[in-house]
Amino acid sequence: NKNYGTTILVSETTREMIGKDFYCRYIDKVQVKGRKEPVNLFEPLFEGRPPDRVKAEIDTFEIGVEAYQGQAFEKALKIFTRLQDQFPCRLYQSYLDRINGFIASPPPEGWTGIERREKLPATKLTTK
């Protein structure tokens with residue numbers, strides 16, 4: 001996926017179907033064109049348990065996402081900057097771009113942290 005730099009993305013429904021056979025990383029919550037409800041996206045990373053180093057990275061990422069979605073943008077900026085410095089990837093840069101945008105121009109009242117896909121395939125994300 002070019003928006004996140006991932007190879008495979010699955011919905012929460014698919015994640016539940018594969019159960020504990022695969023370790024998945026939460027990626028984002030998006031509202032896909034034509035759907036009323038947002039969808040949680042995940043990236044399957046490992047069959048079984050991931051190495052401790054990867055688990056620690058993902059735990060840190062999830063703390064960063066929680067800060068981002070809770071509008072704690074300065075905290076999220078620190079976390080994603082550290083992640084991008086240590087493990088450069090498109091996913092972390094995507095969050096950094098959004099965070100920096102919200103620091104410069106805060107989101108509107110009622111912002112939910114959900115990304116909206118304007119087109120399919122997604123080439124542009126806007127916030128809701």
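The values are calculated or read from the model by the stated rules, or taken from the named source; none is laboratory data. Because the structure is a prediction, the values reported are computed rather than measured. In this analysis, Cβ positions are derived from the backbone assuming ideal geometry, glycine residues included, and neighbour counts consider all displayed protein chains. These accessible areas exclude ligands, DNA and RNA; they are computed on the full protein's heavy atoms, side chains included. Shrake-Rupley method; radii C 1.70, N 1.55, O 1.52, S 1.80 Å.
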_GNM top mover of 88, 44, 108 - the chain, alpha-carbon springs below 10 Å_ = 108
*Lysine pairs in the chain with alpha-carbon atoms under 18 Å apart, 8 or more places apart or on different chains: how many are there?*
14
*Modelled label-to-label distance, residue 114 and residue 97, 7 Å Cα→beta-carbon offset: nm?*
2.2 nm
*What shape does the chain take by its C-alpha gyration tensor, where a ≥ b ≥ c are the square roots of the eigenvalues and a/c under 1.5 counts as rounded, a/b above b/c as prolate, and the rest as oblate?*
oblate
_Stretch gain in nm, segment residue 17-residue 72, where the contour uses 0.36 nm per residue and the Cα spacing is subtracted_ = 16.5 nm
*Grab the DSSP H runs of the chain that are 4 residues or longer, score each as -39,500 (n - 2.57), total them, divide by all residues and round the 222 nm result to the nearest 500 deg cm²/dmol.*
-13500 deg cm²/dmol
*May I ask you to compute the full-extension gain from residue 37 to residue 62, defined as 0.36 nm times their residue separation minus their alpha-carbon distance, rounded to one decimal in nm?*
6.8 nm
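Would you mind telling me the antiparallel percentage of the DSSP bridges in the chain, rounded to 5?
Given both bridge residues lie in the chain, the antiparallel proportion sits at roughly 85 percent.
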*Can you give the accessible area of residue 75, probe radius 1.4 Å, in Å² rounded to 10?*
110 Å²
_With +1 assigned to the C-beta of every Lys and Arg and -1 to the C-beta of every Asp and Glu, and no other charges, what is the dipole magnitude of the chain about the Cα centre in debye, to the nearest 20?_
420 debye
